[in-house]
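Structure provided below as structure tokens; questions to follow.
None of the figures in this text is laboratory data; all of them are computed from the coordinates on show. Predicted model only: the values in this text are computed from it and were never measured. Neighbour counts are summed over all protein chains in view; Cβ atoms, including those assigned to glycine, are modelled from backbone coordinates with ideal geometry.
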Amino acid sequence: MSDIVDQARDALRQVIDPEAGLNIIDMGLVYDLREEEGVLKVTMTFTTEACPAGPMLVASVEETLCALHPNVEVEVTFDPPWTPEMITPEGRGLLGR
Amino acid sequence: MSLAVASFLGGAKSRLLPASIPFRFFAAAVAAHVLLWIALFAGSAEVPRFVGGLGTPLAAVHLLTLGMLAMTAIGAAFQLLPVATKQPMASQGAMRLTSWLFIPGVALLVVAMATRAIYLLAAGALLATLGLLLFAGLVAHNLWRVKGMGLVVAHGRAALAALVLVAAIGFVLAADYHHFWGIDHARTALAHFILGAFGFMGMLALGFSYVLVPMFALSPAPSAPLGYGALAAASAGILLSVAGAFAASPMLLLSGALAGLLATLLHFEALRRSLTRRMRKRLGLSFILVRGAWVLLPASLALGAALAAGAPVPNGATLFGFLALFGWLLTFVLGILQRIMPFLGSMHATRPGGKPPLVSELTLERPLQAHAVAHGLALTAVGAGIVLDTPALVAVGSLLGVAGALAFAWFALGVVRRMGGLGAIAS
């Protein structure tokens, strides 16, 4: 994994889902993060298609990554849909599970 | 399915309404919440045997249904629907017009009901009905173009159909006080109640639950087959009950109540399966209220079935209405509203370059705890007052309700203050 991808992943730990109070990496909302042809590409999801905070999360991701890379592309997908099992063990610990 | 970020964000800006639009409805709902308990206190002598007719108890009921429940539903739908459906609402001007028609319309209507002012009643009913129909048109326009989220959209469409009927029947009931068309008020009012409580508000409560409960609990989406089963049973129950009300048929009313109980069972099973896989261990105070509401929904339907079967329950009809409106719907909406307000506040408090405040940072626990205790005691005292035919208990319960509603208003003001004050809402 390239340095920029590691840096990006660390940076995205600063993007917090306001409802869960957990960062989007530990929430399991980021499905894929890679640098391809000079573009930093993120594939992410929301906990539900109807998540009111979804657009704000995307904006925060883009803003965070633009500080690291000149070309950022964020894609939102609901395939597969997010499930609670996607939360990392660290995230589960923070949620009291 | 995937969305390119440019179009997603471009649309997101137009879908995030100015905070002043949803929050004006929430502010009206919070005020109506205080006023409805005051009206119940003022009419406490009539409450135990109240089964309809102009007066303060009817004003209290409509402060609850139109002032609190419908106002919250409109604010939440205007804010959440465009984000959920990825379709902007047709017009912000039309949403503002809805508030200009509906809020003063409801105010006029309840004042007219309390003071038995017939001319004012017709004017208030006209404004409120126009507001509701405009809201229904805006939501229908949004839902018409939606792809996906079939279960929630189906509930939304059922709720809209019920809303159009309940608004039309309500207007006819109000106008009949002036024009004396000779309609059977008791039968028509029962149909109006069933369509309003279980049709419009009930379908919204079921549909919103499939989105909001998993989101708050961090659990997977509820089972769609169980959800559609609940929708089918609920629709059948409402149709049977409304037919039973118009035909004065105990058998149809009983069948409707039983179908409603089946719908409740399927709905709860869908949510139970989802919640058993939740990641958030502690669901908090809001879910204590939501679970309380979930107990009182089948309790109201079981009482309705017993009454239709001829069971001799003291002041049973009044208790049935109280359990459904104050017990189930009001408790459910208060549980949800105390989560939605800080959540929407978090979205609106975000400034360019800044991070959104956490929902927990916008929430005040102490007033919510005071509200929950007062609300539970109020329901118990008023319910006992109805069963025991004791207005003094209703009066005590109503005062407890006022105290709880004031605590909830304190919480709501605290959310606004932590968002950055009224300037954040107006901007």
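Just to confirm the number: angle between the C-alpha axis of helix B:150-179 and the first principal axis of chain B, 0 to 90 degrees, nearest 10?
Taking Cα atoms only, the helix is inclined about 40 degrees.
Which value in deg cm²/dmol, rounded to the nearest 500, describes the helix-derived mean residue ellipticity at 222 nm for chain B, given -39,500 (n - 2.57) per DSSP H run of n ≥ 4 and division by the residue count?
It comes out at -26000 deg cm²/dmol, rounded to the nearest 500.
Select from B:219, B:286, B:91 the residue whose mean-square fluctuation is largest in a Gaussian network model of chain B (Cα-Cα springs shorter than 10 Å).
Its mean-square fluctuation being the largest, the pick is B:91.
What angle do you read, to the nearest 10 degrees and between 0 and 90, between the alpha-carbon axis of helix B:331-349 and the longest principal axis of chain B?
Tilt of helix B:331-349: around 20 degrees.
Rank-order B:158-166, B:192-200 by packing density, defined as the average count of other C-beta atoms within 10 Å over each peptide's residues, highest first. Mind dumping the intermediate values first?
Numbers: B:158-166: 21.8, B:192-200: 26.7.
Ranked by mean Cβ neighbours within 10 Å, highest first: B:192-200, B:158-166.
By DSSP, what percent of the beta bridges with both residues in the stretch A:3-78 are antiparallel, rounded to the nearest 5?
60 percent
Then there is this: Amide H of residue A:40: which non-local residues (sequence gap of 5 or more, or other chain) have their own amide H closer than 5 Å, using H built in the peptide plane?
Sorted by chain and number, the residues that satisfy this are A:71, A:72, A:73.
A further question follows. Angle, helix B:202-217 long axis vs. longest principal axis of chain B, Cα atoms, 0 to 90°, nearest 10?
Taking Cα atoms only, the helix is inclined about 40 degrees.
Any chance you could count the Lys pairs in the protein assembly as shown whose alpha carbons are under 27 Å apart, treating pairs 8 or more apart or on different chains as valid?
Here the count comes out as 10.
Once you have a ≥ b ≥ c as the square roots of the Cα gyration tensor eigenvalues for chain B, tell me rounded if a/c is under 1.5, and otherwise prolate or oblate according to whether a/b is larger than b/c.
It comes out rounded by the Cα gyration axes.
State the antiparallel share, in %, of DSSP beta bridges confined to the protein assembly as shown, rounding to the nearest 5.
Here the antiparallel bridges make up roughly 70 percent for the protein assembly as shown.
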